[in-house]
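Right, one structure below, let's go through it.
The values are calculated or read from the model by the stated rules, or taken from the named source; none is laboratory data. Everything numeric here is computed off the predicted structure, so don't read it as measured data. Methodologically, a virtual Cβ is constructed for each residue, glycine included, from the backbone with ideal geometry; neighbour enumeration extends over all protein chains shown.
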Amino acid sequence: MLRIDISNEHDFPLDEARLKKAVRAVLKDAGFEDGEISIAVVDDAEMHVLNRKYLDHDYPTDVLSFVLDEDDGRLDGEIIVSSDYAAREAEIYGWTADDEILLYVIHGVLHLVGHDDLDESAKKVMRTAERKYLEPFGLIPRFEE
């Protein structure tokens, strides 16, 4: 059984069912149908603190993800997204902040299942996967490549 919990600390308007559907799709395709995934929606101030604590970066970012446990088809993980960051970026890319949050959650869960974006080749694979999981929601991202 896969459990997905969402903590929306600032009552940011979200389509939680859509987020959960996307997480389930990525995990299922990666072979995970058991586990617990938590999603926290925070503001830039909190994201800045977390980014400094865990990555030693002194700035807020869009998304952080952490594998808490992975074992025999089970994945436990945490995804943290910034609603402030999403609101700014959504204006640039011409879609809603909720759409941008969906992208961040998909990006975060892709990291949980083993994708990275540390070099150009891996980044292209990640972008292709993001497009795949956004498409069922009628979304076509316009990434800066």
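Of ALA87, ALA122, all but one fail to be in contact (Cβ under 8 Å) with a residue 12 or more places away in the chain, out of contact with any strand residue (DSSP E or B) (no Cβ under 9 Å at 6 or more places or on another chain) and farther than 16 Å from LEU134 by Cβ; the exception is ALA87.
Of everything in region 103-135, what is outside any helix (DSSP H, G or I) and out of contact with any helix residue (DSSP H, G or I) (no Cβ under 7 Å at 6 or more places or on another chain)? Give them in sequence order. Residues satisfying the conditions are GLY114, LEU118, ASP119. Residue-level analysis places VAL41 among those that are at pLDDT 95 or above, in contact with a Ser or Thr (Cβ under 7 Å, 6 or more places away or on another chain) and more than 17 Å from LEU2 (Cβ to Cβ). Residues that are part of a loop (DSSP other than H, G, I, E, B), in contact (Cβ under 8 Å) with a residue 40 or more places away in the chain and either within 18 Å of TYR133 (Cα to Cα) or of a type in the set (Ser, Thr, Tyr) (or both) within region 90-102 comprise just one, TRP95.
Scanning region 43-66 for residues that are out of contact with any helix residue (DSSP H, G or I) (no Cβ under 6 Å at 6 or more places or on another chain) and among the β-branched types (Val, Ile, Thr) turns up just one, VAL49. Residues that are crowded, with 20+ Cβ neighbours inside 10 Å and β-branched (Val, Ile, Thr) number at least 3 in the following strands (runs of 3 or more DSSP E) confined to region 1-88: 34-42, 74-82.
State yes or no: is GLY77 of a type in the set (Gly, Ala, Ser) and touching a helix residue (DSSP H, G or I) at 6+ places or on another chain (Cβ under 8 Å)? In short, yes. One residue stands out in region 9-29 among those that are hydrophobic (A, V, I, L, M, F, W, C) and touching a strand residue (DSSP E or B) at 6+ places or on another chain (Cβ under 8 Å): the one that is farthest from GLU135 (Cα to Cα), namely PHE12.
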